[in-house]
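Each reported figure results from applying straightforward, stated rules to the coordinates on display, with no laboratory input. No experiment lies behind these values; they were computed from the predicted model shown. Cβ coordinates were reconstructed from backbone atoms using ideal geometry, including for glycine residues, and neighbour counts include every protein chain displayed.
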Amino acid sequence: MQRFFSRMPLAGRLILDTGMLIATIALIDPHASGLSVHEWVGIVLGAVLFVHITLNWQWVVAVTKKMFASLPRETRINQILNGLLFIFMAVAVGSGIAISEEALPSLGILTSGSRVWMNVHGLSANASLILIGAHVAMNWQWVMRTVRRIAGKTVRKNPSLRPAQARGGITVNLPTGA
Ligand code: HEM
């Protein structure tokens, strides 16, 4: 499955990532979007998050293996942020499902209205939203380079950076196709 996703065209990957960002922005205020929309978007985002991690799995494995070796500071920070983001988002989706008031009950599944889960959801969701801002900023060069590639423009690597850094923020040489 991971092989299938890693062969996904760049445009597809960019669309998937942009969709995730838009969905996340839509989740910020459940009452503005309507609770039912909030819950279904959150559930779909949980599934897409799984695909996104699968697409970038080679990066995750390579950087995690090198975590305790000499790793450029930027890459280490990026990996720590990614790990935290994944954990908080998984908790946000899981706790959201636990307190679901519309989506799951509409399928006949009973959920808990527990205050504890509500608080867990609020905290993990807000932490995820902050970390997503940092995540997009850290990977902004990848976004710009991918847009240029899709537009058919030559991607000029920054000669002042080491070869791995010239890939754009992700400072580990990997055959990700990114
Ligand atoms: C990454 C995914 C998600 C994010 C970022 C997110 C974000 C948020 C935020 C920011 C709030 C307001 C919290 C507060 O007032 O302190 C909230 C509330 C809520 N969310 Fe989510 N959410 C996500 C997924 C889900 C899912 C999957 C469900 C259910 C299936 C869900 C159900 C709810 C419910 C029931 C509330 C309480 C609304 C109320 O105040 O009555 N969320 N969410």
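Expressed as a rounded percentage, what relative contact order does the range 22-122 have, with Cα pairs under 8 Å and six or more residues apart? List each step's numbers first, then the result.
Numbers: 68 pairs, mean separation 26.6, N = 101.
Answer for the range 22-122 is 26 percent.
Could you compute the net charge surrounding LEU35? Neighbours are other residues with a C-beta less than 11 Å from the C-beta of LEU35; K and R count +1, D and E count -1.
Numbers: positive: none; negative: ASP29, GLU39, GLU101, GLU102.
With Lys, Arg at +1 and Asp, Glu at -1, the neighbours total -4.
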### Task
Hey, can you grab everything whose amide H is under 5 Å from the amide H of ASN139? Only 5+ residues off in sequence or another chain; H modelled, so Pro and N-termini drop out.
none
### Query
Applying the Karplus parametrisation 6.51 cos²θ - 1.76 cosθ + 1.60 with θ = phi - 60° to the phi angles of the range 100-114, what ³J(HN,Hα) value in whole Hz is obtained for each residue in order, glycine and proline being reported as x?
3, 10, 10, 4, 5, x, 5, 9, x, 9, 7, 10, 9, x, 4
